[in-house]
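S.K.: Just passing along the structure, written as structure tokens.
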Amino acid sequence: MEYVRDIFVNVKDVDVLTTLRNHNAEEIYFRTDNRWAPLGAYYAGKAFAKTAGVEYADISEYTKAGGMDYVGNLSYYVDNQGQAYLDENPDTFTYYTPNCKYKTYYYDEEFELLTEGEFFEEVPDSLYDTFYKGGFYSLKISTPVKNGRSLIIVKDDFGTVLAPFLTSSFEDIYVVDINYLEANLVEMIEDFGITDVLYVMNTFTVTSQRAYQLETLRTQATHGTLKDDAPAVYSDDSDSDSAADTESEDENEDGTQYVYGIGLNNQVSVIENDNGEEEYDGNDDYNYDEDYNYDYDEGYDYEYDYGYDEEEY
């Protein structure tokens, strides 16, 4: 992560690792899963909100839910004896629901509106999928906040649990997964008038071959017309939905767009991009292809092509 930070220019690092260490007596990570618990995401989000200069609701303003026994994805890596031990020593799956009024909209891979729905829906056999249908869809959360700030979260699994804690911080929150979005990320940022971009992902995502998927999001073509058909802002004093405003003029007072990154769940960085041209030093000749198929009984089946002959390697 130090190497990654050294690559960027004009970056402020926010030390989330120290924040998490200060709370390491609490259940901020699961013992049976490699992902942080919602409480860990809450503390990381608090550090991010401080960096972004936005309000952040205290955990006491959320409704505590869940409380079920939970055995996470470490089950994939143990034998029968290890599985028996995990089953005998489960985690407690607890999550927090915002008390403010908000609306959640689901989009497909090309960011076309599918439906309005619930953010939380418990899945007994896969509790981490409680958050917006397992996090496989693109998402928009419309909140009552009126601060001229809209956020897009570009994530892997770690970003899935963070979004609810930012419903007191931004007017609109868009969430896209690096594996599923087939629209151009830059076009989304420009067309939807997004003021803040947040990357939330595990270090293994950022430092492995999967990092090239981030460049794919920046360069891939959008098929069709990119538009947001959901209401731009959810209003407390209105029962009717307003028309979408895809040409929002909301921006920070100095015209600066902010891009943030959370890596290893340890630190947050903020890049101040004064509307200059983006430079990319990656290998454009790199061959990265990913195919996935979803089976509702088995989940996603990933096949990666890393551009080399596996036998020769």
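S.K.: Can you tell me which residues in the stretch 9-39 are in contact (Cβ under 8 Å) with a residue 24 or more places away in the chain, in a loop (DSSP other than H, G, I, E, B) and surrounded by 13 or more Cβ atoms within 10 Å (Cβ to Cβ)?
M.R.: 27, 30, 31, 32, 33, 34, 35, 37
S.K.: Would you confirm, using the coordinates I've provided, whether residue 42 is part of a loop (DSSP other than H, G, I, E, B), surrounded by 13 or more Cβ atoms within 10 Å (Cβ to Cβ), aromatic (Phe, Trp, Tyr) and in contact (Cβ under 8 Å) with a residue 60 or more places away in the chain?
M.R.: Values: part of a loop (DSSP other than H, G, I, E, B): no; surrounded by 13 or more Cβ atoms within 10 Å (Cβ to Cβ): yes; aromatic (Phe, Trp, Tyr): yes; in contact (Cβ under 8 Å) with a residue 60 or more places away in the chain: yes.
Criteria not met by residue 42.
S.K.: Scan the stretch 209-224 residue by residue and report those that are part of a helix (DSSP H, G or I) and either surrounded by 15 or more Cβ atoms within 10 Å (Cβ to Cβ) or charged (D, E, K, R) (or both). Talk me through it step by step, then tell me what you get.
M.R.: Step one: list which residues in the stretch 209-224 are part of a helix (DSSP H, G or I), which gives 209-219.
Residues satisfying the conditions are 210, 211, 212, 213, 214, 215, 216, 217, 218.
S.K.: Is there any pair linking a residue in the stretch 61-80 that is under 19 Å from residue 42 (Cα atoms) to one that is modelled with pLDDT under 90 and charged (D, E, K, R), with Cβ under 8 Å and at least six apart or on different chains, and which?
M.R.: Note: pairs meeting the criteria are 66/122.
S.K.: Could you tell me whether residue 55 is of a type in the set (Asp, Glu), in contact with a helix residue (DSSP H, G or I) (Cβ under 9 Å, 6 or more places away or on another chain) and surrounded by 15 or more Cβ atoms within 10 Å (Cβ to Cβ)?
M.R.: no
S.K.: If a residue counts only when it is at pLDDT 90 or above and polar (S, T, N, Q), which strands (runs of 3 or more DSSP E) contained entirely in the stretch 51-125 have at least 2 such residues?
M.R.: So the answer is 91-98.
S.K.: Then there's this: When you look at residue 32, is it more than 15 Å from residue 167 (Cβ to Cβ), out of contact with any Gly (no Cβ under 7 Å at 6 or more places or on another chain) and not aromatic (Phe, Trp, Tyr), yes or no?
M.R.: On the way: more than 15 Å from residue 167 (Cβ to Cβ): yes; out of contact with any Gly (no Cβ under 7 Å at 6 or more places or on another chain): no; not aromatic (Phe, Trp, Tyr): yes.
For residue 32, the condition - more than 15 Å from residue 167 (Cβ to Cβ), out of contact with any Gly (no Cβ under 7 Å at 6 or more places or on another chain) and not aromatic (Phe, Trp, Tyr) - is not met.
S.K.: Here's another thing I want to ask about it. Here is a list: 176, 206, 186, 200. Which entry is at pLDDT below 80 and not in a loop (DSSP other than H, G, I, E, B)? Steps first, answer last, please.
M.R.: Details: 176 fails: at pLDDT below 80; 186 fails: at pLDDT below 80; 200 fails: at pLDDT below 80.
Of the residues listed, the single one that is at pLDDT below 80 and not in a loop (DSSP other than H, G, I, E, B) is 206.
S.K.: Then there's this: Where the second residue is of a type in the set (Lys, Arg) and at pLDDT 95 or above and the first is over 14 Å from residue 132 (Cβ atoms) and lies in the stretch 92-108, which pairs have Cβ atoms under 8 Å and are six or more apart or on separate chains?
M.R.: Close Cβ pairs (under 8 Å, with a partner that is of a type in the set (Lys, Arg) and at pLDDT 95 or above) amount to 94/64; 96/64.
S.K.: Within the stretch 183-193, identify whether any single residue is closer than 28 Å to residue 121 by Cα and touching a residue at least 60 places away in the same chain (Cβ under 8 Å), and answer yes or no.
M.R.: Scanning the stretch 183-193, I find at least one residue that is closer than 28 Å to residue 121 by Cα and touching a residue at least 60 places away in the same chain (Cβ under 8 Å), so the answer is yes.
S.K.: Is there a residue being among the polar types (S, T, N, Q) and loosely packed, with under 14 Cβ neighbours inside 10 Å anywhere in the stretch 66-76?
M.R.: Yes, because at least one residue in the stretch 66-76 is among the polar types (S, T, N, Q) and loosely packed, with under 14 Cβ neighbours inside 10 Å.
S.K.: So how many residues does the stretch 143-181 have that are of a type in the set (Ser, Thr, Tyr) and under 11 Å from the mean Cα position of the chain (by Cα)?
M.R.: Filtering the stretch 143-181 down to residues of a type in the set (Ser, Thr, Tyr) leaves 143, 150, 160, 167-169, 174, 180.
Imposing the further condition that a residue be under 11 Å from the mean Cα position of the chain (by Cα) reduces the set to 160, 174.
Final tally of qualifying residues: 2.
The values are calculated or read from the model by the stated rules, or taken from the named source; none is laboratory data. Source: prediction; values computed, not measured. A quick note on method: Cβ atoms are made from the backbone with ideal geometry, for glycine too, and the neighbour counts reach across all protein chains shown.
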